[in-house]
1. Residue check, residue 253 against (1) surrounded by 17 or more Cβ atoms within 10 Å (Cβ to Cβ); (2) out of contact with any Pro (no Cβ under 8 Å at 6 or more places or on another chain); (3) within 30 Å of residue 682 (Cβ to Cβ), all met but one. Which one?
2. Could you tell me which of the residues 324, 334 is farther than 20 Å from residue 521 by Cβ, in contact with a Pro (Cβ under 9 Å, 6 or more places away or on another chain) and in a loop (DSSP other than H, G, I, E, B)?
3. For residue 106, state whether it is open to solvent by 20 Å² or more (accessible area, probe 1.4 Å) and either on the phi > 0 side of the Ramachandran plot or in contact with a Ser or Thr (Cβ under 8 Å, 6 or more places away or on another chain) (or both).
4. Hey, which of the strands (runs of 3 or more DSSP E) in region 509-571, taking only ones fully inside, have at least 3 residues that are open to solvent by 30 Å² or more (accessible area, probe 1.4 Å)?
5. Does any residue of region 462-476 turn out to be of a type outside the set (S, T, N, Q) and either open to solvent by less than 10 Å² (accessible area, probe 1.4 Å) or within 30 Å of residue 61 (Cα to Cα) (or both)?
6. Going through region 424-440 one residue at a time, which ones are open to solvent by 50 Å² or more (accessible area, probe 1.4 Å) and among the aliphatic types (A, V, I, L, M)?
7. Within the set of pairs 6 or more residues apart or between chains, which connect a residue that is within 18 Å of residue 96 (Cβ to Cβ) inside region 144-156 to a residue that is at pLDDT 85 or above and β-branched (Val, Ile, Thr) with Cβ atoms less than 7 Å apart?
8. Output the residue which, of all residues in region 675-689 that are open to solvent by less than 40 Å² (accessible area, probe 1.4 Å) and not in a loop (DSSP other than H, G, I, E, B), is nearest to residue 588 (Cα to Cα).
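The values are calculated or read from the model by the stated rules, or taken from the named source; none is laboratory data. Nothing here was measured: the structure is a model prediction, and the numbers come from that model. When we count neighbours, we look across all protein chains shown, and the Cβ atoms used for this are built from the backbone with ideal geometry, even at glycine. Side chains are part of the model used for accessible areas, which takes the heavy atoms of the whole protein and leaves out ligands, DNA and RNA. Shrake-Rupley method; radii C 1.70, N 1.55, O 1.52, S 1.80 Å.
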Amino acid sequence: MSEGRMTRMHTRLIVLQIVVVSLIVILVVRLWQVQVVRGREFVAVATETRTREVVVPALRGQILDATGRPLVRNSTSLVVSVDRTTLERLPDGGAAVLARLSKVLGVSREKLKQEIRACGPGVSRPCWPGSPYQPIPVASRIPQRQALQIVERQEDFPGVTAEIQAVRDYPSGKDAAQVLGYLQPVTQSELEKREGLKASFSGVDLVGRDGLEAVYDPDLRGQSGLRRVQVDRMGKQIAVEQPRSPVTGDTLVTSIDARVQDIVEKSLSEAVKSVGSDGGAAVVLDVKTGRVIAMASLPTYNPAVWSGGIAERDYQHLLSKKSGKPLVSRATNGTFAPGSTFKISSVSAMVADGSPLHGTYECPSAYNVAGRAFGNAGGMSLGSISLHTALVKSCDTVFYRAGYEQWQRDGGNKPKGKVKEPMANMARAFGFGRRTGIDLPGESPGLIPDRTWKLNLWKATKDENCKRAKTGFPEIKDEGRAAFAKRLANENCLEGDIFHAYEAANFSIGQGDVLVTPLQLARAYAALVGDGKVRSPRIGWALFRPDGTLDKEIKVPVVGKLPINKETRDYIRKALSEVTSDGTAAGAFRGFPMNEVRIGGKTGTAEVWGKRDTSWFASFAPAENPQFVTVVMVSQGGFGAETAAPAARKIWEGIYGLGKDDNGKQRKAALPSGHPVERLPVIRRDGTVAR
């Protein structure tokens, strides 16, 4: 080997030695940095990667009736949930995991994929409406055998959990569905907007979307706990630390009486079915306190349909106009012309405006209003009568004249200065035209039409009406109705800002554009036959802590007072007390034991263009010193005396235990004392109720 070659090899060896030594020095320095300089930092990071913070859901509070019977309670269920984020990180996007899970659960992989996809425009249910960062329940009430297959083979099911969770249970099925409400997952936008929700959100928590569940959600939801879980590299749990235990939500005690609610539901259902109606509503109020004893709305639904996710077919049914929109409460959100039940407001306005309470009034078969004849119901003529008889016999022409004359005193078609509008203002004093403020969401204010409303409506619709006055309504197949609609559009185009005489006349008997909810009508009657105070009804009565101690009692606010004196209120009440024995509801209450409990009330039959009449009956008992008000409304039910009044009679018979049941046995009273429950139930420390 030449000397030059030896020199080159020697040089290479030296360079190699220098490189090796340098690498060793670098490695030693790096190890020193990692273990000494930044040792604590990396230990903390390593520990953090092995530790998971899990928010533990709190048990949601129960909802009870006034006696402590559960309206909504919790039951335990094995629930399988999927973390979509974890699946998306897998190489195949979680396809293999879903395939294995579908075999365990016995459902198709496609259905599981639908369950965990995000809801959005163009995405039909089933889909996930909640946050994408929370586990998505895909199956509930699964057998323990299936749950064990998932838990014991966690390496085959990354992102899948099977845990015992509480699910909502509804012992009374469909009863009071719109009152109770339902639960749905919290959305990502809510997590970001609602202060404090993100920190306490467990990932499986649900929030109230309607009814009492929504209004009292912060109280019912409780406080989530916190659990730190240490896992190995396979994700298996190796240690658990629970620094904060979950706190169960408060128990909500309501004024609803489940016994009365059941009677109301059945009576209303029978009335609706008897005439082939598209729905109805009924309300029972405590006159003394303003609390709701029962409230029903048809069509209805079973709130359990929301548990574990809702199918597209069921979801569309709840929203469908064809099905009557079961989600919407007709008791608080449905608005209807009240017909003659509204005359309590009109007669009050007459007296307040100067008409003599004990005067004499003409009741002809028809009354001329600005050249147009307005006929009495059935064309009857009663001659000279009192206001008492006008209410008992429901004489329309007495009220037509009063409404027309008040309209004339305000200036007719050309009012000057500030108008008095006695009937509209009295209606508002009774609480019509504004929300009652009940502790339920989605309440409608109804409508009390007046001159200002008419002007504003004309401004908003003038262009469309003028257009339709020319083009007509080709989409309406019925030629007669299409022609009528075109004439109406032309009238509204030219003089839609004028509050006409015929509108004032219709207003006086609760027709035309007057719209009220059954709850508003019940509240108005409670104020009239009670102490004259207008209250904001409440369903919630009290909230109890998990240990059974009282958290707070929910008061019923007084929001107004009727501008009529006690003499006038008593006069109207006594007149209405004869409606069931000598008036328009006498047929419906024939044979009723008035000597045991006397019922007072007022029938109402409201015309609806293109449909059958709306049937109403507003009533109270005992007539001498009313404790309850019951209002029944049946849409497209015909005469008030034929449909709503018989349904109300059944409710009164059930409350007081009067007459025989369907089996011929003496009917059992829902409220044997004739009074609602007056004391809150006693709740033990374990959450059970002492009866």
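1. The single condition residue 253 does not satisfy is (2).
2. That would be 324, the only listed residue that is farther than 20 Å from residue 521 by Cβ, in contact with a Pro (Cβ under 9 Å, 6 or more places away or on another chain) and in a loop (DSSP other than H, G, I, E, B).
3. Yes; evaluated as a whole, the condition is true for this residue.
4. Because the criterion is at least 3 residues that are open to solvent by 30 Å² or more (accessible area, probe 1.4 Å), the strands (runs of 3 or more DSSP E) in region 509-571 that meet it are 550-553, 558-561.
5. yes
6. none
7. 149/104; 150/80; 150/104; 150/160
8. The selected residue is 689.
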